[in-house]
1. Hey, can you rank 71-81, 37-47, 16-26 by average C-beta count inside 10 Å, highest first?
2. Per residue of the stretch 38-44, in order, report the coupling 6.51 cos²θ - 1.76 cosθ + 1.60 (Karplus, θ = phi - 60°) as ³J(HN,Hα) in whole Hz, putting x for Gly and Pro.
Amino acid sequence: CFAQAIKQFEDKELFIKLDDDALVDIDYVIGLIKKYQGYHKPVYISDHLRTKTRDYPDALNGVRYGNGKFYMFNRKLVQCLDIDIKYRGSRFEDAVFGGMVSNGCGENNVEYVKEDDRWIWHKEYANENKQIDLSFIKNH
C-alpha cells in the first residue's frame, strides 16, 4: 500500500504524487516546498473533489480527495492517515487516499490547499482509457 510504503521514509517531510502523464513546473514545486516546509498542521495540496454517495457507500461517502494528476502533502498528514480503512465499492486510489486522510486526520484538521493549474500539465483523454503495460518492453 502506498501509505504504508511512504511511512518508511521517516527522514522526508514533503511528498509528491504525480500521474505518469503529467508535468509540473519545478519552480512551482520549489515554491510549495519553501512555503509548507515545517508547517504546523497536515497539508494536502491538490485540486480537491468530493466522492458521490451512490458510488462510495460507508467510509468513502462524501470524502474530499485530490484529483490525482498531482498532489503534495507533508509528514504530519502521513502520520495521521488511517491505513487500515475499510470500504466498499471502487478501489479508485485517489478517493481511497482521501478517505484515509478524512478518517485518520479529520477533515477539519487538514489544510486543504488548491493547486495552481497554471503550472501543472496533464494529458486529457476525452473518455478514452489510457493503454500502458509497464511490464512489456518491445526491444526485449
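Taken together, the values in this text are just the output of simple stated rules run on the coordinates, not laboratory data. This structure is a prediction, so every number in the text was calculated from the model and none was measured. As a convention, Cβ positions derive from the backbone with ideal geometry for all residues, glycine included, and neighbour counts pool all protein chains shown.
1. Descending mean neighbour count gives 71-81, 37-47, 16-26.
2. Once θ is set to phi - 60°, the couplings for the stretch 38-44 become x, 4, 7, 9, x, 10, 9 Hz.
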